[in-house]
1. Using the Cβ atoms and a cut-off under 13 Å, what net charge is assigned to the surroundings of Ala187, where Lys and Arg are +1 and Asp and Glu are -1?
2. Once you put a point 7 Å from the Cα of Glu97 and another 7 Å from the Cα of Glu72, both along the Cβ direction, what distance in nm separates them?
3. Counting every Cα pair in the range 62-129, what percent are over 20 Å apart?
4. Would you work out which of Leu42, Phe30, Ala70 lies farthest towards the positive end of the dipole of the range 27-88, given +1 charges on the beta-carbon of Lys and Arg and -1 on that of Asp and Glu, about the Cα centre?
5. For an R0 of 41 angstrom, estimate the FRET efficiency from the Cβ-Cβ distance between Arg31 and Asp52 and round to the nearest 0.05.
6. Can you put Asp90, Asp52 in order of accessible area, largest first, using a 1.4 Å probe?
7. Need one value: the accessible area of Ser88 in square angstrom, 1.4 angstrom probe, rounded to the nearest 10.
8. Enter the accessible area of Ser62 (Å², nearest 10), with the probe set to 1.4 Å and all protein chains included.
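The values are calculated or read from the model by the stated rules, or taken from the named source; none is laboratory data. Because the structure is a prediction, the values reported are computed rather than measured. Glycine also receives a Cβ, built like all others from the backbone with ideal geometry; neighbour counts cover every protein chain displayed. Accessible surface areas use protein heavy atoms only, side chains included; no ligands, DNA or RNA. Shrake-Rupley method; radii C 1.70, N 1.55, O 1.52, S 1.80 Å.
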Amino acid sequence: MFYIVSKLTGGLLTSPVCYIIVLLLLAVRFRSRKRRIASIVLAFAVFFLGTDRALYNAAIASWSAPYLHAYEPGKTYRYGIILGGFASYDRVLNRIEFNQAADRWIDGVLLYKQGKIEKIVIASDGSVTSYREQGNPALMIEYLKDLGVEPRDIIRRALNTRQNALFTLPLLEKTVKADDCLLITSAAHMRRALATFEKEGFAPVPYVTDIQLTPVTGW
């Protein structure tokens, strides 16, 4: 139930389209001319603010700023916890399909290859499993092997950020310290992800990827 509610509320509350539709519907239902005009004006304001790339980038920069330099490049970390959401499994072509959050996966594997992390923990993903168990864990393991990652890597079922924390922590060594673990995820996702882990009494070191700070010119 938590999973369903989180997806529904998250999808609705974070989408400008939802607010625009509600405001336009109110404009149709209002009898007062002033209220109709106010609703239409607000709908256009949400449209322009919600689709302004420069404003979005500024918000993302402010949201992710505390985590940009938390990682110590010269340190070797015991675990790199890669949060899911970067891929899905194509049952027709029988292969892994990566999406725009693939930087989480790429950076995690690179850190492993560079000796910056000793072990990768995949906090699950649609490529491994999904709500209806449509994933293919064996294929993901083979993918890791082809990239030169040892089969010690851990893959675990999870459907959202909360489950990423709940299901991942029991897999770590009981003696491991939080500052020996990197939490690898997108910059826009890090604040919520870290808060979820901290709620479970474990605060790994943030390592952000997919950083959307490119200056925007033009419309």
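1. Once positives and negatives cancel, what remains is 0.
2. If labels sit at Glu97 and Glu72, their model points lie 4.2 nm apart.
3. Percentage above 20 Å: 38.
4. Among Leu42, Phe30, Ala70, the one farthest towards the positive end of the dipole of the range 27-88 is Phe30.
5. Calculated value: 0.80.
6. So, going from the largest accessible area down, we get Asp52, Asp90.
7. Probe radius 1.4 Å; accessible area of Ser88 about 60 Å².
8. The accessible area of Ser62 comes to roughly 80 Å².
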